[in-house]
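Contents: one structure, followed by commentary.
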Amino acid sequence: MAESLVLAEREGAVAVVLLNRPEQLNALSDELMEELVARLRELDRDEEVRAIVLGGNERAFAAGADIGELAQASAIELYYQRRVERWNAIRGLWTPLVAAVSGYCLGGGCELAMSCDLIVASESAQFGQPETGLGIIPGAGGTQRLTRAVGKALAMDMILSGRRLSAHEALAAGLVARVVAKEAWLDEAKRVAGDIAEKGPVATRLAKESVDRAYETGLAAGLEAERRALYLSFASEDAKEGLTAFAEKRKPDFKGR
Ligand code: DAK
């Protein structure tokens, strides 16, 4: 039987999902994306899973979409494969998603990492959007998310010239949240996910949604969304538990209700 293109395991409330096409530097083939989205959706529906780590291997998070497949496909075939729906499905997950990036994080790989809620990068990570070198443009949010993350100057540089950012450059530019030593890339991402998993799940969901608003709408609409999310969080049992636990000097026992 062919080995799975996506490996998943549970460590308590944290699920770890690893792309598994090492010979092709985790190039995001149609089949891999299909498997990835199915697996992520499954984990997202599991209320016991409170954070997900998405990673590759030490050499590559992912070197982009599968170039061989792109070379074969017509525009209409790509359109009918509903690739965009898959990317939207990843953005639509409720469970916080931490990208664990080591090595190459290029093209669709960079877009996949940016589709996560935050990125933990190894010192070895390299971020780039080299699509124009292939005669195409970033097509899974690269021109939009990268520009929002790092600003126009750097985004133009990366997308037009093919410049790659090192992990430290990506940190300085605001693309990644943390940079860690080479050997710690996965452990640190798991630790961050573990921290997230300990928080109130309702609040975590609402907070994630609110931060996304900051990214997607203007200030007034974002503040309005935040206010509504705040009141909703107060209506949760988790809020009662969290506020009471603080007063009682104990660890909260959140139920996600
Ligand atoms: N696709 C397929 N195979 C790839 C690949 C890729 N993106 N990247 C690497 N590989 C394969 C190589 O062909 C090689 O296979 P063999 O020759 O061993 O069979 C193996 O992985 C190892 O790669 P290299 O020998 O090249 O390794 P190096 O260390 O020398 O170089 C590299 C590593 C990452 C610099 C190099 O492999 C490289 O430049 N890779 C391509 C990077 C790239 O251009 N990425 C962007 C791809 S385009 C869409 C949404 C999104 C997209 C498209 C459509 N829709 C919604 C419709 C996204 C497009 C892209 O990402």
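The values are calculated or read from the model by the stated rules, or taken from the named source; none is laboratory data. Bear in mind that the values here come from a model prediction, so they are computed numbers and not experimental data. Every residue, glycine among them, receives a Cβ derived from its backbone with ideal geometry; neighbour counts consider all protein chains shown. These area figures cover heavy atoms from the full protein model, side chains too; ligands, DNA and RNA do not enter into them. Shrake-Rupley method; radii C 1.70, N 1.55, O 1.52, S 1.80 Å.
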Item to check | Test: Leu175 is in a helix (DSSP H, G or I) and surrounded by 13 or more Cβ atoms within 10 Å (Cβ to Cβ) | outcome: no
Checklist entry - Mind checking whether some residue in the range 72-81 is within 13 Å of the ligand (Cβ to nearest atom), over 22 Å from Glu188 (Cα atoms), in contact with a Lys or Arg (Cβ under 9 Å, 6 or more places away or on another chain) and among the hydrophobic types (A, V, I, L, M, F, W, C)? => result no
Checklist entry - Could we say that Leu43 is part of a helix (DSSP H, G or I), under 29 Å from Arg205 (Cα atoms) and modelled with pLDDT of 95 or more here? => result yes
Checklist entry - Restricted to the range 209-226, and to residues that are among the acidic types (Asp, Glu) and within 20 Å of Val150 (Cβ to Cβ), which residue is modelled with the highest pLDDT? => result Asp212
Item to check | the range 8-40, residues that are exposed (fewer than 14 other Cβ atoms within 10 Å of the Cβ) and in a strand (DSSP E or B) | outcome: Glu9, Arg10, Glu11
Next on the checklist: Please go through the range 28-57 and give me each residue that is of a type in the set (Gly, Ala, Ser) and within 23 Å of Ala125 (Cβ to Cβ), ordered by number.
Outcome noted: Ser29, Ala51, Gly55, Gly56
Item to check | Within the range 63-116, considering residues that are open to solvent by 40 Å² or more (accessible area, probe 1.4 Å) and among the hydroxyl-bearing types (Ser, Thr, Tyr), the one farthest from the chain's Cα centre (by Cα) | outcome: Ser74
Checklist entry - Which number in (1) in contact (Cβ under 8 Å) with a residue 12 or more places away in the chain; (2) closer than 15 Å to Leu28 by Cα marks the one condition that Phe127 misses? => result (2)
Checklist entry - Do you know which residues across the range 118-166 are crowded, with 20+ Cβ neighbours inside 10 Å and in contact with a Pro (Cβ under 8 Å, 6 or more places away or on another chain)? => result Gln129, Glu131, Leu146, Ile159
Checklist outcome for this item: Within the range 211-238, residues assigned to a helix (DSSP H, G or I), within 22 Å of Gly194 (Cβ to Cβ) and of a type in the set (Gly, Ala, Ser) come out as Ser233
